[in-house]
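The values are calculated or read from the model by the stated rules, or taken from the named source; none is laboratory data. All values reported here derive from a predicted model rather than from experimental measurement. Methodologically, a virtual Cβ is constructed for each residue, glycine included, from the backbone with ideal geometry; neighbour enumeration extends over all protein chains shown. In case anyone asks, the SASA skips ligands and DNA or RNA and just uses the protein heavy atoms, side chains included. Shrake-Rupley method; radii C 1.70, N 1.55, O 1.52, S 1.80 Å.
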Amino acid sequence: MWYDQTIEGEYSAIAPHPAFPLIAAATKDGRVELFDDDGRKNEKADITRPTNVLGLKWHFAKKLLAISWAHGTVTVWCDYESVLREGNVHQAAISVMEWSPAGNRLVTGDEDGDVVVWKVDQRGRLTVLCQYRLSNRVTHCLFRGSEELDMKPQFSPPFFLATSTGSIHYADDMGHCTESNQMETPIAALLMLEHKDIVVIVTSTLLLYQFVLTPDGKLTQESEMKLSSAVKRDTKSISAIWAGPATLALSIGGQPIWIWDIENEENYVLNIPGIEKARINCIAFSNHKNMLVAGTDSGQVVIWKGRFVQTDDDERGRTQVWELHSKANAGGGVKDVSWGAQSRLLTAQNKSAVKILTEQVMHKRLWGRNAAVQVEQSKVIIYPGGKQPIVRPVELKIKGLALARNHFAVWNGTWLEIQEYSDSGPPLVTQTSGSESAIGPPEDRLDWFLAAWKENPIGSPLSIPAASINTQSMHITIDDMFLYIALGFRVDICNHQGIAKGSVTWQDTEGEVAGVECVAGWLCVSTTKKYFKLISTGNGVPAKQVFSKRVDPKLDLHSIISAKPNSKGTFISFSANSLLPGASQLCQNDSKIYVYDIELDATVSFDLTSYGGPPVAHWWDWEDPRILVCQTEGQGGCSEEDPTITTVDTSQILSFFVTSAHGITRYSAHAPPAGIDTLVGVYMPFQYYVRRSSPEESQELLLSVPAKDLEGLENTDIATLKSMLDFSFHLSTGNINESLKSLKHVRNPSTWTTLAKLCIKTRRPDIAALCFANMGNASAVSEMEGVADQGDAVAVAVGAFFLGMEAEIEDACRECGRWELVNRFHQARNNWEKALQVAASKDRIHLKSTFYNFARWLEESGDQSGAVAAYEKSGCESFEIPRLLLSNHDAQELEKYISNNNSKALKKWWAQYCESNSDLQTAMQYYEMAGDTLSVARICCLVGQVEKAIDIAQKANSKAALYHIAQHYEAEHKISEAINMYRQSSYVRPAIRLAKENKLTTHLTSLALQSSPECLLDVARYFEAQGMGDRAAVLYMKAGAVAKAVDIGLQFGDIEDLVRNLPPDTDPAILQRLSAHYTAQNNPAEALHLLLLAKRVDEALALIEQHSIPLTEELIDAIPVTDSEADKRLLCQIAGVCMMQEKWALACKKYTQAGERLKAMQALLKSGDTEKIIFFANVSGARDRQIYVLASNYLQTLAWRSNASYLKHIITFYTKARAWESLASFYESCAAVEVDEFQNYEKALGAMREAAKVIEKIKEPERKVGILHQMENKIALMSRFVAARETAKTDTITTFQICEELLQTPNIDHTIRLGDIYALLIELHFANGYYPQAQDLLARMQSSIPGMNVGYYLDERIVDALRGTSGGGPGGAGDHVEEDISVSPE
């Protein structure tokens, strides 16, 4: 709830204090005014200068206000001393002013680029530490997080400075300043992502940059992102702020707010329902409340609440969800919005005023069974011990409330008011478990009559004048004896008139007061440094502090929200805030409830995540120190479409037992009562709640509800109540013996019922059975014992059934998967809506039966229309609905229902009903509507319309109807028509019977062929008896009686058709018998075919040899073969015959089918079909590498030198076969071809080297070494010869030497032809004019190679010239010959 105050006036700047309810407002005439959160002006503040105020900036924790002025002066107002201190260094207007994170430094920058770092002490005194001079106007100042630099709090971290030209500088307070980066365009926003040490920059051109920051302040660009191109690039209209961990909120050009999740690279828009077209002027974010506020040009102030939810993506973790929280009207276009006072107030500035929105928390307190609830800003309702409420107005706006037995206190941060009340009054009727009863019995009390005797316009029985105390404390509490006022580092203890009786103080290192809580006898104080202080107040004398302890740092908590002691001061429960991951300031309510055990000096916790989230209230029982009750936050909130609509609340009320021995033990969890706002206290057997207030129900805000495990015990005695609590405690901790001992005081049967319910809730059916026995419920005991062997869940469900505990039945049945029990339970209680819901969602196998039972119940209840609908859903409408309507003698209604229903079963039922009443016309009509063709045909035959019946049956293709018509014809002795109808109906046996009886043999064969094998045999025997052997043989063959068919065929001499139709699995004896018949008839070919079918290979081969019968592919393929070894041998024998008849392809095929692929290849090689050989090698070579070798060997016999394809296949096949020696030999053959045909030793050398590479792949080392050594010798010799041919062009002497050495090498002609060596020497000598030497070499050549054809190696002209030479030159005409025959060595 938000209340608003208005400060009239035109202000140039507004600044609410982040921690205190203070607001600074600068006027246009050079004054700064201070206001409190009620809009009251501080007249003591005299802050005036003869120039304009440019900026206001509060210290984050102290009442120090930094003010920048247009003439360059910087001042600090100290509100503690009401003193204004100034510093005059700047000569130009201040453009930037920023406090350091520790608050001990103030950085200011001006329009000329001058930057001053000030030291500021606790009194606001300014001292210049250092100055910097930048080249342009300073626009931004951003401090680096001190946590990343591991700095102590008293030191100031470095900071960034940005100028109007886009330059970024990194500076500190020790005189160091360096330029870190230069942006291309001016900077609109400069932000720090502290947990990753990343600087985020938004430029005026709407580009978002991320820079990684090094310890020395260097910026390295990590990413660049374009934000938008659809809005105007107005630098002044760009607002960018953090709105969560790595979540950026941007308002650009007045457009709706964009939310950018930088880490997940996701974005979305926050729209304002109802005012979508409004222009957003300003935004602000609250770290304390995780709220985002926006101000619009239409005067609207819109607040969103951020909530973190867990996603399914483990990498993303949690994501932030925004819900519209509230809206307010500021009365004019909003220029600026700001949060203050730890986000308890919000300022919205327009042109003519400042609107202060203050969050009003409606306070409520409980003391014993007395309660106080704030209902308005200045009004409290007292509920004194269940009596009539007392309405008390006060003189101040309430910001805090405390309650004791006969006193209550309210305060506003300036004044404290105490009032006395009487807890006497008439009894108040309040809600109990399912009925209305008084909290306490009415009593005739004297003080009630005395108090009521006086007239009181306020309506309270007794009104005592208030006592007022001037105090600025916001942490106050009260008990029956004293008033406790906590402020700063002390707690003052006063009586109820404000007279001091004592105090408790502590060191400032333990932090200031953050909260106080009082119970009877104990005062608990929590501090900002997370300390607990426990003070004993039970002896009536102000006591000293008895205990002080800091929260364990290992819990990693940020701050304490609330802390409460139990009734004996042995435990302190507390809820806390924790920092969100990736955020330095944004907190969230921790999802755990913590309990500190003072005796053990240990902290235990219970995670409430699965029960609705963080705790929003936690209270100890007023008397029992073990009982702690919490209320969780849940997920309730306002709908974005309509803020007045609240979503479903998932809040839970959890009850715990807390002991040193067992820690925190949960024993109860349930949803809060409907319509309540919060839990306000616990005093067993009641839990006290405050309803959501409304004007017409302001007198009924307090609701006392019995605890779930104590329902029905509202008026029980103290001993029974204690026994119940002890029983619950021991049952929760598993101590069964002690739990049973605690029941010795229980006598009331209703108490045993409550105990049984508690046992069912805690899943202890054994003890629940004991409770049933004490209740006298023998049936329940018997049933629970009967299902004891089926598990506790079933027993719990049975016990819950007898107690009527619907939720427990569902939970137990869900646990054991017995949803049919839940269904039956709801049916037994006539709770049909839930029964149908369970059946539809969990027990679908019983859905129709549930609808059927529901229909029967409706029928018994007289709801005929509802029963009809339920019968339809049960699937029993075809007989139950007619029964229902006819039992009520409502035939017309039944006919109308059936006519409007599409159920064919119902229409057939009505047709049968009409037929039974001799209404054949209506019956036929409904039979047609039901699609019952048989019944239609039956009625047509009955009335003599047989042709119509045939037409209907044939169109519907109804075999049953055709069969009925055939029976009708047979009854009328129309045999042919009957046979025809039987044939059409596919019921052939009756037709055969008629044909045999009437000797209609023309029909028998066709009918038999349409029927089953039994009918075929029957007709075949009939034909055999009638001497019709040809027909009998055919039918016997069709029926599968092959032997019988062959016997009859041979008997009558007609077997040609029989042989052609023999099945593949014919008995070999029958085939051999037929073969003998054909042999006798001199038909050896057909006899051979039958022998092969019978797999009589020896006889078949003898027949082939005897009659020279050629084998054909068709003949051989007709032989049925399998994968058996016998059939493989048969195929090999057939292939051998094919080989004898030189039918190579057919032999190859049969060998392949037999798996003899190598023999198949050998057969194919004999055919000489190269293409098939290559194809077969590619297909089958992988299974037998020898096939590759055979194919390669075969291809080498062809002209592979002129066919590149053959050459390629030879190499490929040898390689696949891994026949490395064969491949090497082939390469040697290639080298020999190059030498013999082309004298190309270069290519031959290449082939030899390839052969050497192949030899390297031989796995047998001994064999590989010998072959490789021989091959390397050949390669070496050939390489020398090739080198000699190359050097002949330039170095003839070397060539001569190499050739002579080669000639002297033994067996050189195995590698290099001697003729080629001599030819090279002769040509080289001849070319150089050494004719005698050339002649000698020619002679040596002829003598070394007898019978050599010299012309094969040398040019004939050279040979002729050398043979005709004399002395100095050839032919005596050396010049002519040399010019005519000039041969250069190649």
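Among the GluC sites (Glu not before Pro) found in the stretch 377-420, those both in a DSSP coil and sparsely packed, with 15 or fewer other Cβ atoms within 10 Å of their Cβ, are 395. Its convex hull of Cα atoms gives the stretch 1194-1290 a direction-averaged projected area, equal to a quarter of the hull surface, of 6.8 nm². Surface composition of the stretch 1271-1326: carbon plus sulfur atoms hold 49% of the accessible area, using a 1.4 angstrom probe and ignoring ligands, DNA and RNA. The slack in the chain from residue 989 to residue 255, taken as 0.36 nm per residue of separation less the alpha-carbon distance, amounts to 255.5 nm. The slack in the chain from residue 528 to residue 549, taken as 0.36 nm per residue of separation less the alpha-carbon distance, amounts to 6.3 nm. Computed from backbone phi with θ = phi - 60° and the Karplus coefficients 6.51, -1.76 and 1.60, the 3J(HN,Hα) list for the stretch 600-614 is 8, 6, 9, 10, 10, 9, 9, 7, 9, 4, 7, 10, x, x, x Hz; x is used for glycine and proline. If each Cα of the stretch 11-131 is one equal point scatterer, what is log10 of I(q)/I(0) from the Debye formula at q = 0.10, 0.16, 0.19, 0.23 Å⁻¹? Those come out to -0.26, -0.68, -0.98, -1.44, one per q.
Out of every Cα-Cα pair in the stretch 802-921, what percent are more than 18 Å apart? If you can, show how the numbers build up before the last one.
Details: 4075 of 7140 pairs.
Cα-Cα pairs in the stretch 802-921 separated by more than 18 Å: 57 percent.
Taking packing as the residue-averaged number of other Cβ atoms within 10 angstrom, the listed peptides 1190-1200, 612-622, 282-292 run from highest to lowest as 612-622, 282-292, 1190-1200.
Treating r as the C-beta distance of residue 883 and residue 860 and R0 as 22 Å, the FRET efficiency rounds to 0.95. Given q = 0.12, 0.16 Å⁻¹, what are the Debye log10 I(q)/I(0) values for the stretch 271-424, with equal point scatterers placed on the Cα positions and solvent ignored? At q = 0.12, 0.16 Å⁻¹ the computed log10 ratios are -0.71, -0.91. Ordered from largest to smallest accessible area (heavy atoms of protein chains, 1.4 Å probe), the residues 1330, 80 come out as 80, 1330.
Annotation: amide H of residue 325 within the under-5 Å range of 303, 304, 305, sequence separation 5 or more or interchain, hydrogens built in the peptide plane.
Leaving out ligands and nucleic acids, and using a 1.4 Å probe, what accessible area per residue does the stretch 1123-1163 come to in Å²?
Details: 1990 Å² over 41 residues.
Heavy-atom accessible area per residue stands at 49 Å².
Rolling a 1.4 Å probe over the heavy atoms of the protein chains gives the stretch 254-381 an accessible area of 41 Å² per residue. Segment residue 266..residue 815, full-extension length gain: 193.6 nm, with 0.36 nm per residue of separation and the alpha-carbon distance subtracted. Using R0 = 35 Å, the C-beta based FRET efficiency linking residue 1204 and residue 1363 works out to 0.25.
Here the calculated FRET efficiency for residue 973 and residue 893, from their Cβ-Cβ distance with R0 = 45 Å, stands at 0.40, rounded to the nearest 0.05.
Along its principal axes, the stretch 877-1030 has C-alpha extents of 71, 29, 24 angstrom, given from the largest down.
In order along the stretch 993-1000, the Karplus-derived 3J(HN,Hα) couplings, from 6.51 cos²θ - 1.76 cosθ + 1.60 at θ = phi - 60°, round to 4, 5, 5, 5, 5, 9, 6, 9 Hz, and Gly and Pro are given as x.
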